[in-house]
Amino acid sequence: MVSFPGESALRAERAAFVDTLSGLTDAEFDSAPTLCDAWTPRDVLAHVVGIDDSVGTYVRSAGRVGTANARIVAAARRSSRAELLDRARRWAVTPAAHVRPVATFLLGDLGVHHSDVLRGLGHKHLEVPPATASAVLREGFVLGAARALRYRVVPDGRRPIGLPGRPIVRGTSEALGMWLSGRDSVADELQFGRHSESRA
């Protein structure tokens, strides 16, 4: 079977995410806060799994992604923890056919949501795989395009990204991606400069 770009990294991140959720207490799984407003860890899991196995919900919602997500999360709340994790374990090892060609794109979404859960519990990734970190940063630029245009981003000490003359902001790719995507609680991990430097 042909492997698509990013597919192995997506599978690895899915397995890591399921490991994270499996390690939570029942109370954390069902009720802990995340960086996704109003979503608990079980809700975040239901959302990412639903991208694979609830395509019909997205079709019936006629492009209203927020509506589809809410329906998928609400439906999953009727499942037990064991049922949802069993569904997630299958999702981790067997991405849906419509997902595999866009694995690189979905890796960013998953990486952001994995951090949403960890950071909501007061934790961080001990080590973010490079492919996931890059995907989270890319997702940040997609979700936070308006914010990104106002800054010159320097991820992991590499060359800056952005328009000259904009204020510099430095940090890890993961933290910058989370911040760009609107997770303002991550800002204290970043270093902000007043204006762009000629050499960064």
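Pairs linking a residue in the range 153-182 that is farther than 20 Å from residue 105 by Cα to a residue that is among the basic types (Lys, Arg) and assigned to a loop (DSSP other than H, G, I, E, B), with Cβ atoms under 7 Å and 6 or more positions apart or on different chains, are 166/150; 167/194. Here residue 192 meets each of (1) out of contact with any Leu (no Cβ under 8 Å at 6 or more places or on another chain); (2) at pLDDT below 95; (3) not acidic (Asp, Glu) with one exception, condition (2). Among the residues of the range 66-92, those that are modelled with pLDDT under 95 and aliphatic (A, V, I, L, M) comprise 68, 70, 72, 73, 74, 75, 76.
Examine the range 107-116 for a residue that is assigned to a loop (DSSP other than H, G, I, E, B) and out of contact with any Gly (no Cβ under 6 Å at 6 or more places or on another chain), and state whether such a residue exists.
Keep residues of the range 107-116 that are assigned to a loop (DSSP other than H, G, I, E, B), which gives none.
No, there is no match, as no residue in the range 107-116 is assigned to a loop (DSSP other than H, G, I, E, B) and out of contact with any Gly (no Cβ under 6 Å at 6 or more places or on another chain).
Of 133, 148, all but one fail to be surrounded by 20 or more Cβ atoms within 10 Å (Cβ to Cβ) and within 22 Å of residue 9 (Cβ to Cβ); the exception is 133. Considering the range 77-100, the residues that are over 13 Å from residue 52 (Cβ atoms) and hydrophobic (A, V, I, L, M, F, W, C) include one that is surrounded by the most Cβ atoms within 10 Å (Cβ to Cβ), namely 84.
Whether any residue in the range 94-102 is of a type in the set (Gly, Ala, Ser) and part of a helix (DSSP H, G or I) is what I want to check. Spell out how you get there, then give the answer.
So in the range 94-102, the residues of a type in the set (Gly, Ala, Ser) come out as 96-97.
So of that shortlist, the ones also part of a helix (DSSP H, G or I) come out as none.
No, the range 94-102 contains no residue that is of a type in the set (Gly, Ala, Ser) and part of a helix (DSSP H, G or I).
Within the range 45-74, the residues that satisfy the criterion of being in contact with a helix residue (DSSP H, G or I) (Cβ under 8 Å, 6 or more places away or on another chain) and in contact (Cβ under 8 Å) with a residue 24 or more places away in the chain are 45, 46, 47, 48, 49, 50, 51, 52, 53, 72, 73.
Please find, among 34, 57, the residue that is more than 24 Å from residue 15 (Cβ to Cβ), touching a Gly at 6+ places or on another chain (Cβ under 8 Å) and either assigned to a loop (DSSP other than H, G, I, E, B) or in the same structural domain as residue 112 (by TED's automatic domain parsing) (or both).
Working: 34 fails: more than 24 Å from residue 15 (Cβ to Cβ).
Result of the check over 34, 57: 57.
Taking the condition surrounded by 19 or more Cβ atoms within 10 Å (Cβ to Cβ) and either closer than 17 Å to residue 28 by Cβ or touching a residue at least 24 places away in the same chain (Cβ under 8 Å) (or both), does residue 103 pass? So residue 103 fits the description; yes. Residue 134 meets each of the listed conditions (1) modelled with pLDDT under 95; (2) over 18 Å from residue 48 (Cβ atoms); (3) not aliphatic (A, V, I, L, M) apart from (1).
Any residue in the range 166-180 that is surrounded by fewer than 21 Cβ atoms within 10 Å (Cβ to Cβ), among the small types (Gly, Ala, Ser) and at pLDDT 95 or above? Step through it out loud before you land on a result.
At the first step, the residues of the range 166-180 found to be surrounded by fewer than 21 Cβ atoms within 10 Å (Cβ to Cβ) are 166-168, 170, 172.
Going one step further and asking which of them are among the small types (Gly, Ala, Ser), we end up with none.
No, the range 166-180 contains no residue that is surrounded by fewer than 21 Cβ atoms within 10 Å (Cβ to Cβ), among the small types (Gly, Ala, Ser) and at pLDDT 95 or above.
Checking each residue in the range 117-161 for being more than 24 Å from residue 21 (Cβ to Cβ) and of a type in the set (Asp, Glu) picks out only 156.
Conditions (1) surrounded by 17 or more Cβ atoms within 10 Å (Cβ to Cβ); (2) aliphatic (A, V, I, L, M), marked per residue:
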position	(1), (2)
9	yes, yes
12	no, yes
19	no, no
39	yes, no
75	no, yes
111	yes, no
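The values are calculated or read from the model by the stated rules, or taken from the named source; none is laboratory data. Every value quoted in this text rests on a predicted model; they were computed, and no experiment measured them. Don't worry about glycine lacking a Cβ; one is built from the backbone with ideal geometry, like all the others, and counts go over all protein chains shown.
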